[in-house]
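Report on one structure; see the data block that follows.
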Amino acid sequence: MTEQLLAEPVTQLEIDQRVFDLYDEYCHGRIDRREFLLRSSALALGGLVMAQALLPRYAQAQTVSFTDTRIKPEYVNYPSPGGNSGTMRGYLVAPAGKGPFPAVLVVHENRGLNPYIEDVARRAAVEGFLAFAPDGLSPVGGYPGNDDDGRQLQASLDQGKLRTDLLNGARFVKTHKLSSGKLGVTGFCYGGGVVNYLATALGGDLHAGAPYYGAAAATAEVPKIKAPLLIHYAESDERINAMWPEYESALKKSNVAFEMHKYPGTQHGFHNNSTPRYDEPAAKLSWERTVALFKKNLA
């Protein structure tokens, strides 16, 4: 029975919400892979199959090939004073052509620059943006090729210095020779929280931000935000969504331009097309909105 189930794709609707909740704990480092699989198998018939189905399959996440003639991707180093190592590495993807192009920083989740985030950078470049995705794990050798080790490595870093490394990544792409000087930022999960942080840290140097299911900016720092924000939330994401009322109040009090969209029937991580948490309609709509935000504010 198990072999038959493993051979067939498992869809989001077939996965018990309790397994999704455990996966969220696993993704955020509160339990390890072994405990996630064990607890899922004890929850319900087929729980182990559901859990295994949620593990990322990055081959299916690629939507824009790295050989696509519309783009020019390369790995580059950039200086990062005050960060974890002083020099960082990232994935720079330019549209074909001479430029200059408006710049977009793409911030990864809590596991480094994995293939999904690289694909998002390529998607942004296809839309006409100079996309840059830093690898926060550069000081410890870079993304290790799997998310479990990536998550542990990212947790081992000095988190304040990691934020500095990502802030320096934003400054690097904003001032790049192919950049028009206009900067947008998007990010996912941990990266969504970084977008909110960068909005406070960059002030008027940021021109638009689109955080996906990320932790809210510190309330006391919200008055520093000058860029319009397009905030994406999943419906089933209790920990992150609980931050919204206070964040919304602070944004309104500080007269920050923002839109918030909560996508019905979605899980945390709905934009990531490498697991069954992916919700195609919500991912497509949210990305269309993000691209429209950047085209409007980075022109």
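The values are calculated or read from the model by the stated rules, or taken from the named source; none is laboratory data. This structure is a prediction, so every number in the text was calculated from the model and none was measured. Virtual Cβ from ideal backbone geometry, glycine too; neighbours counted across all protein chains shown. Accessible surface is based on the protein model in full, side chains and every heavy atom, while ligands, DNA and RNA are left aside. Shrake-Rupley method; radii C 1.70, N 1.55, O 1.52, S 1.80 Å.
Applying the selection to the range 152-196, what residues are outside any helix (DSSP H, G or I), under 14 Å from the mean Cα position of the chain (by Cα) and within 22 Å of K295 (Cβ to Cβ)? Full working, then the answer.
Initial filter on the range 152-196 (outside any helix (DSSP H, G or I)): 157-158, 175-189.
Keeping just the survivors that are under 14 Å from the mean Cα position of the chain (by Cα) gives 184-189.
Of everything in the range 152-196, those that are outside any helix (DSSP H, G or I), under 14 Å from the mean Cα position of the chain (by Cα) and within 22 Å of K295 (Cβ to Cβ) turn out to be G184, V185, T186, G187, F188.
Being touching a residue at least 60 places away in the same chain (Cβ under 8 Å), within 12 Å of L178 (Cβ to Cβ) and either aromatic (F, W, Y) or open to solvent by 40 Å² or more (accessible area, probe 1.4 Å) (or both) is the filter here; which residues of the range 68-102 pass it?
Scanning the range 68-102 gives P100, F101.
State whether one or more residues within the range 52-67 are assigned to a strand (DSSP E or B), modelled with pLDDT of 90 or more and crowded, with 19+ Cβ neighbours inside 10 Å.
no
For the range 124-138, check the following and say yes or no: at least one residue is modelled with pLDDT of 95 or more, open to solvent by 30 Å² or more (accessible area, probe 1.4 Å), more than 22 Å from W287 (Cβ to Cβ) and not in a helix (DSSP H, G or I).
No, every residue in the range 124-138 fails to be modelled with pLDDT of 95 or more, open to solvent by 30 Å² or more (accessible area, probe 1.4 Å), more than 22 Å from W287 (Cβ to Cβ) and not in a helix (DSSP H, G or I).
When the range 218-247 is examined, which residues are found to be surrounded by fewer than 19 Cβ atoms within 10 Å (Cβ to Cβ), among the hydrophobic types (A, V, I, L, M, F, W, C) and outside any helix (DSSP H, G or I)?
Selection gives A218, A242, M243.
Quick one: count up the residues across the range 260-281 that are under 16 Å from T63 (Cα atoms) and either among the β-branched types (V, I, T) or not in a loop (DSSP other than H, G, I, E, B) (or both).
Number satisfying all stated conditions: 3.
In the range 187-217, which residues are surrounded by 24 or more Cβ atoms within 10 Å (Cβ to Cβ) and among the hydrophobic types (A, V, I, L, M, F, W, C)?
F188, C189, V194, V195, L198, A199, L206, A208, A210, A217 - these are the residues of the range 187-217 that are surrounded by 24 or more Cβ atoms within 10 Å (Cβ to Cβ) and among the hydrophobic types (A, V, I, L, M, F, W, C).
Return the residue satisfying two criteria in turn: it lies in the range 103-121 and is open to solvent by 10 Å² or more (accessible area, probe 1.4 Å) and over 10 Å from the mean Cα position of the chain (by Cα), and of such residues it is farthest from V185 (Cα to Cα).
Per the stated criteria, the residue is P115.
Confirm whether G160 is at pLDDT 95 or above and open to solvent by less than 20 Å² (accessible area, probe 1.4 Å).
no
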